[in-house]
1. Taking amide H positions as placed in the peptide plane 1.01 Å from N, state which residues far from Val96 in sequence (5 or more) or on other chains have amide H under 5 Å from it.
2. According to the square roots a ≥ b ≥ c of the eigenvalues of the Cα gyration tensor, what is the shape class of the range 123-235, taking rounded for a/c under 1.5, prolate for a/b larger than b/c otherwise, and oblate for the remainder?
3. Starting from the alpha-carbon convex hull of the range 304-367, give the projected area averaged over all orientations, in nm².
4. Write down Rg/Rh for the range 303-412, rounded to two decimals, with Rg from the C-alpha atoms and Rh from the Kirkwood relation over Cα pairs.
5. For the range 97-172 and the range 251-310, compute the distance between their C-alpha centroids and round to whole Å.
6. What per residue convex hull volume, in Å³, do the alpha-carbon atoms of the range 57-215 yield?
7. For Leu507, enumerate residues with amide H under 5 Å from its amide H, sequence gap 5+ or separate chain, H modeled in the peptide plane.
8. Using alpha carbons only, what's the Rg to Rh ratio of the range 68-153 with Rh from Kirkwood?
Amino acid sequence: MPLSVGSLASSNMLRLLLYLAALCQLTGASSTPATCTVSGPAVIDFSRRVSFIRDRCAYTLMSGPGLQLLAAFKERRRTDVSFLDRVILRLDEPAVDIHLGQGGKVQLNDSTLSLNSSSQTPHGVEISKEVNGVTVRVSLSNFLTSIFFDGTTAQIYVKGPEPASLQGLCVNSSSSLREVMLSEFSSSSCETQSSEAADGRINCTKMTERCNLLKEAPFTSCHSHIDPEPYAAACIDTLCRYPAVDGLSCQFLEAYAGACSLLSNDTLEGWRSKASCCKSGFCQDTFCSAHEFCGEDVGGRPACLCRAQFASKYRPTGALGDPTVCRQNYASVSLAGCLLAEKGINISVLHLNDPACRGHVDERTHMVTFGFNDSKPCGTVVMASDNKITYKNTIKTDNATSAPITRQVFTNIDFSCFYRQPEVKAMSFKMKGGTAMQQIESGSWNYSLSMSMFADAACTTPLDFSGGIQTDQIIYMNLDTGGLDGNIITLVIKACWATSAQNGGGLRYDLIINGCGNPSDRTVKVVENGKGGTVLSFQMFQFKGDASGVFLSCKMKLCLKSDLGCQPNCQQKNRRQRSVRPLYEDENPAIVSVSWS
């Protein structure tokens with residue numbers, strides 16, 4: 001449960017006494033202030049050596065008498081680049097862990113601290129939160145230690161005599177990682193390193209130029225205190241392997257400026273305007289789940305986006321969530337909030353067919369669940385086909401606004417559950433004598449479907465498109481099959497239509513409607529080709545005001561020749577046809593397309 005400010009905050013006098021005690025301990029000692037910077041995958045130790053964490057484990061940054069400082073790394077948009085994710089301060093007496101997480105979240109063991117502008121001092125550790133990050137100060141064993149963490153960079157400041165027992169990556173960033181790894185905060189597979197194809201958007205030359213700004217004014221005023229080379233090297237290594245998003249283009253410049261202010265009180269006035277960097281603290285108070293990180297969405301706003309490993313199970317298929325869950329009289333589907341955020345989809349404007357049915361957001365995982373049942377159908381549509389009855393609903397965008405424009409991403413996600421038609425049940429009896437009979441389960445035959453264009457009714461002269469087609473020319477399109485018994489099965493054209501754009505977009509003109517030629521177009525004719533296929537003929541045309549081309553699509557179905565109800569009756573041309581469009585589409589229709597300009 002959250003701890004209140006009143007239960008932990010100390011008085012100003014207590015904080016003053018703590019600092020006076022720390023100063024008294026340091027009096028007469030050889031004070032050696034030093035800084036260690038951890039930013040992205042880079043660790044720049046007290047001696048200004050730089051190394052990189054390439055996996056997703058937790059490591060000891062610094063350990064000494066009475067305390068241990070840990071850092072946990074995770075991936076973000078790519079699986080092959082890790083970033084500092086959280087910092088953990090572990091005290092021996094009393095035995096407590098203080099977790100500094102993303103968004104400025106601070107936990108004392110399992111309790112979340114409620115921080116504001118007033119500092120708190122639990123167990124003698126001063127914790128303060130500002131708009132750009134969280135600072136923790138502790139004085140133990142002649143050491144005054146300060147840790148600042150803004151969600152991307154940790155600055156560790158130490159003042160006091162250097163004990164021989166001090167260890168960790170901040171002391172020597174080249175230490176054996178296996179010796180300083182903390183299995184308690186590392187997954188079993190955290191050491192597994194991934195590889196991905198290089199991001200073609202990255203211009204390493206430009207990124208190197210940007211990182212080398214650290215060697216120019218106004219950063220030069222701090223060069224006598226801190227060498228910029230390790231920070232520039234860390235910047236170049238990261239930005240040549242990872243796109244400059246989520247504020248990363250300014251992160252290492254910010255890290256150098258922060259280390260400079262700790263050692264020299266030089267704020268490097270004007271560096272932000274020269275580097276075009278906004279103030280830090282972009283993701284403060286944005287709290288994400290374990291499989292998310294805080295970054296920029298498509299609109300440049302802070303949002304919880306998917307970590308690469310979590311998203312890898314969805315991205316190959318373009319899915320936004322998990323498959324539909326079908327239980328007794330209940331259907332639901334869960335979408336990942338971070339996948340929606342990546343596409344700029346606002347969860348609050350999504351609903352089912354019934355606008356009153358909204359999604360439920362899990363506060364821990366940020367998964368959004370939509371569902372319906374028999375008592376709350378939420379506008380579910382029921383459809384019947386030859387072998388099943390389907391209950392379908394749609395997750396869609398709320399379009400209630402009267403504004404003439406919108407920048408909300410249009411969303412239309414169908415999900416359904418169905419009942420299969422019952423199969424024929426049979427019983428068998430063993431007879432004395434008689435004949436042995438057996439029924440083998442039927443299998444699937446393969447057949448081919450083709451569409452060819454000809455200049456003659458006999459379909460012997462292929463149409464030559466190279467010289468163009470005149471609008472007075474008659475087109476013969478042969479729709480044929482291979483592998484079917486033409487004496488029993490025929491290919492029926494259910495519908496044919498032309499559009500002025502691919503994928504059915506633009507203007508539309510119907511040639512065949514409900515299996516018959518368009519009654520308003522006398523040039524359209526449909527005849528069997530004698531081989532189980534069909535020939536469609538019509539006079540060429542073009543769309544008014546659009547010379548980009550014509551795209552023709554046809555929907556077909558296989559019919560038994562004995563099934564007269566499956567085949568269209570187009571004899572009574574003068575009689576107005578009744579609409580025979582079913583409430584549901586024929587199962588497994590075949591659609592083929594052709595286009596010409």
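Since every read-out is calculated from the coordinates, none of them should be taken as a lab result. From a predicted model like this one, the values you see are computed outputs, not experimental measurements. So basically every Cβ, Gly included, is an ideal-geometry build from the backbone, and we count neighbours across all protein chains shown.
1. Distant-sequence amide H within range of Val96: Leu91.
2. Numbers: a/c = 1.79, a/b = 1.22, b/c = 1.46.
Judged from the Cα gyration tensor, the range 123-235 comes out oblate (a/c at least 1.5, b/c at or above a/b).
3. Numbers: hull surface 21.0 nm².
Result: a mean projected hull area of 5.2 nm².
4. Across the range 303-412, the Cα-based Rg/Rh ratio is 0.99.
5. Cα centroid to Cα centroid, the span is 18 Å.
6. Working: hull volume 25.4 nm³, N = 159.
Spelled out: Cα convex hull of the range 57-215, divided by residues, is 160 Å³.
7. Amide H neighbours of Leu507, under 5 Å, 5+ apart: Ser500, Ala501.
8. Values: Rg = 13.3 Å, Rh = 13.6 Å.
On the Cα set of the range 68-153, Rg over Rh gives 0.98.
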